[in-house]
1. Please work out the Cα convex hull volume for the stretch 121-221 and give it in Å³ per residue.
2. Out of the trypsin sites (Lys or Arg not before Pro) in the stretch 209-316, which ones are loop residues according to DSSP with at most 14 other C-beta atoms within 10 Å?
3. Ranking R60, R71 by Cβ neighbours within 10 Å, fewest first, what do you get?
4. Order by neighbour count: V76, V172, fewest other Cβ atoms within 10 Å first, most last.
5. What do you get for Rg/Rh of the stretch 2-156 when both radii come from the Cα atoms and Rh is the Kirkwood radius?
6. Binning at 20 angstrom from zero up to the longest distance, how are the C-alpha pair distances of the chain distributed in percent?
7. Please list, in order along the stretch 207-216, the HN-Hα scalar couplings obtained from phi with the Karplus expression 6.51 cos²θ - 1.76 cosθ + 1.60 (θ = phi - 60°), rounded to whole Hz, x for Gly and Pro.
8. Can you list the HN-Hα couplings for the stretch 134-140, worked out from phi with the Karplus curve (6.51, -1.76, 1.60; θ = phi - 60°), rounded to whole Hz and with x for Gly and Pro?
Amino acid sequence: MTGHYSRQHLLAIAPLQRHEIESLLDLGNEYVDLNRQIQKKRDTLRGRTLINLFFEPSTRTQSSFELAGKRLGADVMNMSVAQSSVRKGETLIDTATTLNAMHPDIIVIRHQDSGAVALLADKVTCSVINAGDGAHEHPTQALLDALTIRRRMGRIEGLTVTIAGDVMHSRVARSNVHLLNKLGARVRLVAPRTLMPAGAGEWGAEIFNDMRHAITGADIVMMLRLQSERMTGSFLPSQREYFHFYGLDREKLALAKPGAFVMHPGPMNRGVEIDSAIADDIDRSLIHEQVEMGVAVRMAVLEALARQLPNDERKS
Ligand code: CP
């Protein structure tokens, strides 16, 4: 058995130890090969029930958890929050405990408030996976990003990774800084002053406001989406000006190491944080590979959590 993750939940990267992260990456790596075969099914989660409970929109995370669960043989239910009793005023906790009473084994939750998923994990008896909570963490995104980097570069230790854009509102940035630091990368964060959170200097990354300085010599340039849905005030003069200073185009990318790779968690705002010519450049962009790794990593996480469930015969 490759996996050595023995927690009930996956709520954040911050509390994890390096060996736990590496065990999930190793297991995810095994699933990449399975997912490329015609016969993709395993019965690892046969008899188990997985519920996707997403209070925010999602394409990649929700669909990849659904595929991951089904490929491992679980029964998967996608809860349609828009059509649920949340619309009638049911509270978050009542919704979660109601679903918990139906005996799911794992609930995957995305919520707009930081801390909401951890709160729910305390109220239910099943395992909980954080699929993104506010601007706090998105642990499976960081795991899939790490697997993508590790497969392309052969390592993470010693690489320089520049994370650029709307750091203020980004759970992806927070999870990635934690994970990349634990695996020995050198992490840089770059954003306009208005989009760099006050405490970012304590996360363990080098802080930049100048995009060109931050990209110079980088092995990986990870772009972040401008999250206008989380912006309550005016953070930028205009998107055009933002692209001029912070959007990734060929001229800025030329400052990175020769052959440096570009990543983006999606969904992308083309022409705002990234030029289409870069996003679609198959020699430089790992964006589709990130999506592929997302299914494999989520299969690994589901398997690791399933090992901790009661009556799992494979638990050692
Ligand atoms: N990266 C990511 O979380 O994408 P979705 O919002 O489509 O799930």
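What follows draws every value from the coordinates through simple rules; no lab data is involved. For clarity, every value in this text was computed on a predicted model and none was experimentally measured. Counting neighbours? That spans all protein chains shown, and the Cβs are built from the backbone with ideal geometry, glycine included.
1. 105 Å³
2. Sparse-neighbourhood loop trypsin sites (Lys or Arg not before Pro): R314, K315.
3. Ordered by Cβ neighbours within 10 Å, fewest first: R60, R71.
4. V76, V172
5. 0.96
6. Calculated over all Cα pairs of the chain, the distribution is 34, 57, 9 percent.
7. Karplus-based 3J(HN,Hα) across the stretch 207-216 equals 9, 10, 10, 9, 4, 5, 4, 5, 7, 4 Hz.
8. With coefficients 6.51, -1.76 and 1.60, one gets x, 9, 7, 9, 9, x, 6 Hz.
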